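The values are calculated or read from the model by the stated rules, or taken from the named source; none is laboratory data. These numbers were taken from a predicted model, which means no experiment stands behind them. Note that each Cβ is placed from the backbone with ideal geometry, even for glycine, and that neighbours are counted across all protein chains shown. We work out accessible area using only protein heavy atoms, side chains counted, and drop any ligands, DNA or RNA first. Shrake-Rupley method; radii C 1.70, N 1.55, O 1.52, S 1.80 Å.
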Amino acid sequence: MNFSRILLQASQKATTGIVGLSVNPQARTQLIGLYRQTLDELKAKIPEKAVYRQSVEAITAYRLKIVEENEDPLLAEKLINAGQMEELVEQAQDEIRLISKMAEWKAWEPLEEPAPPRQWEYFKKASLTE
């Protein structure tokens, strides 16, 4: 069954249409493994209260559920709405690399030195009455 599904997927898609990104007939299986690895790495390396962990966990769990529930890669791509399966594999690999860097940087910890006054004011919107 698995072999025939791979052949079916390969016959449906000859190219990704993206230079340097080949069709991956194992993309769904690989993606499930990468999403599970992402969740494991987050739990092992990033504190539970870190906003980064909460965001990545939510997105990854959502995508993992879609990929596990839908054997049709085209449907999974449509539901995730973030590119082709091959692109999603690359995104997941990048996220796993980023988790290690975020753990090293400890971006969730307070600043070593207090931020200068008014440092973040340019993010505020001006009021309509000014």
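Reported count of residues in the stretch 56-69, each being open to solvent by less than 30 Å² (accessible area, probe 1.4 Å) and either farther than 13 Å from residue 102 by Cβ or part of a loop (DSSP other than H, G, I, E, B) (or both), is 4.
When 10, 76, 14 are checked against the criterion of being modelled with pLDDT under 95, open to solvent by less than 30 Å² (accessible area, probe 1.4 Å) and either of a type outside the set (Val, Ile, Thr) or not in a helix (DSSP H, G or I) (or both), a single residue qualifies: 76. Of the candidates 97, 53, the single residue that is surrounded by 15 or more Cβ atoms within 10 Å (Cβ to Cβ) and either at pLDDT 95 or above or out of contact with any helix residue (DSSP H, G or I) (no Cβ under 9 Å at 6 or more places or on another chain) (or both) is 53. Here residue 108 clears all of (1) surrounded by 13 or more Cβ atoms within 10 Å (Cβ to Cβ); (2) out of contact with any Lys or Arg (no Cβ under 6 Å at 6 or more places or on another chain); (3) in a helix (DSSP H, G or I) except the condition numbered (3).
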